[in-house]
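Below is one structure; the comments refer to it alone.
The values are calculated or read from the model by the stated rules, or taken from the named source; none is laboratory data. Computed from a predicted structure; not experimentally measured. When we count neighbours, we look across all protein chains shown, and the Cβ atoms used for this are built from the backbone with ideal geometry, even at glycine.
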Amino acid sequence: MHKTSIPEDIIHACIERRGRADVFRNLESTRLALIVIDMQNAWVEPGLSALEIPETRSIVDNINRLARAIRKAGGIVAWTQSTFPADWTHRMYEHFAPKELRERMITDTAIGSLGHKLSDRMDIDDHDLKVVKTRPSAFIQGSSDLESQLRDRHRDTLIVTGTLTNACCESSIRDAMALGFHNIIISDGTATRTDIEHNAALTNLFSMVAGVMTTDEAVAMLSSTT
């Protein structure tokens, strides 16, 4: 699990601006959704894909614990599954990844593939939502129907977990905020390649975009609503 560290000067600046470090003092379960980003085999399971993020396996228990707590409190759980469309992937990652890696990304997350399947480690309920997304953000135009599914269920407060902290999680939160959703990111329920990347994303989001909580803090707040 990543060692979380937001610089003290950033925390103090936020306290001066908003009067406190924490963003949320309570959660309304009937407006709440847990968003689990891309905890699928390609990222989670060892040796299966070039996309593997080993740190994902350290956050499985925390995500499952949150999912159970949110369902018990009356919230909903939504799981995203990424796939990489060939034309977009080759264009967007042309300068960042060699063609061989781009081809692996496409193949390893193709719909119906083992890599696209959600990991069996995850506690998925039959009533949970499952959403395919085709861009890093689940909320950008054309990526998925997650926004409409949440609005149909009157959910406007999101707790975000999954992988990668500084890619799909951060992208989804930023676009969700632009669409009017309130957002929380779970510091020990998200994972990426390194502590540096993880903490850079948390620091940026903490300043003006999302509340940052641990699993224990979120579960305690949820317990107080039931």
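Please specify each residue of segment 135-149 satisfying the condition of being of a type outside the set (Asp, Glu) and part of a loop (DSSP other than H, G, I, E, B).
Matches in segment 135-149: ARG135, PRO136, SER137, ALA138, PHE139, ILE140, GLN141, GLY142, SER143, SER144.
Right, ILE10: in a helix (DSSP H, G or I) and either β-branched (Val, Ile, Thr) or free of Cβ contacts under 8 Å to residues at least 24 places away in the same chain (or both) or not? For ILE10, the condition - in a helix (DSSP H, G or I) and either β-branched (Val, Ile, Thr) or free of Cβ contacts under 8 Å to residues at least 24 places away in the same chain (or both) - is met.
Among the candidates SER172, SER143, which residue alone is farther than 19 Å from ASN41 by Cβ and in contact (Cβ under 8 Å) with a residue 60 or more places away in the chain? Going through SER172, SER143 in turn, just one is farther than 19 Å from ASN41 by Cβ and in contact (Cβ under 8 Å) with a residue 60 or more places away in the chain: SER172.
If I filter segment 74-92 for residues that are over 24 Å from ILE184 (Cβ atoms), in contact with a His (Cβ under 9 Å, 6 or more places away or on another chain) and polar (S, T, N, Q), do I get at least one hit?
Yes, that holds for at least one residue.
Under the condition of being surrounded by fewer than 17 Cβ atoms within 10 Å (Cβ to Cβ) and in contact with a strand residue (DSSP E or B) (Cβ under 6 Å, 6 or more places away or on another chain), the residues counted in segment 32-57 number 0. Under the condition of being in a strand (DSSP E or B) and in contact with a His (Cβ under 9 Å, 6 or more places away or on another chain), the residues counted in segment 175-203 number 4. Looking at the structure I just gave you, is VAL132 outside any helix (DSSP H, G or I), surrounded by fewer than 19 Cβ atoms within 10 Å (Cβ to Cβ) and touching a strand residue (DSSP E or B) at 6+ places or on another chain (Cβ under 8 Å)? Yes, satisfied. Could you tell me which residue of segment 204-216 is surrounded by the fewest Cβ atoms within 10 Å (Cβ to Cβ), considering only residues that are assigned to a helix (DSSP H, G or I) and at pLDDT 95 or above? The residue in question is ASP216.
Examine segment 115-124 for a residue that is under 24 Å from ALA69 (Cβ atoms), touching a Leu at 6+ places or on another chain (Cβ under 9 Å) and either β-branched (Val, Ile, Thr) or crowded, with 17+ Cβ neighbours inside 10 Å (or both), and state whether such a residue exists. Yes; the residues of segment 115-124 include at least one that is under 24 Å from ALA69 (Cβ atoms), touching a Leu at 6+ places or on another chain (Cβ under 9 Å) and either β-branched (Val, Ile, Thr) or crowded, with 17+ Cβ neighbours inside 10 Å (or both). For segment 62-80, the candidate set comprises residues that are buried (at least 21 other Cβ atoms within 10 Å of the Cβ) and among the polar types (S, T, N, Q); within that set, the residue that is farthest from LEU118 (Cα to Cα) is ASN62.
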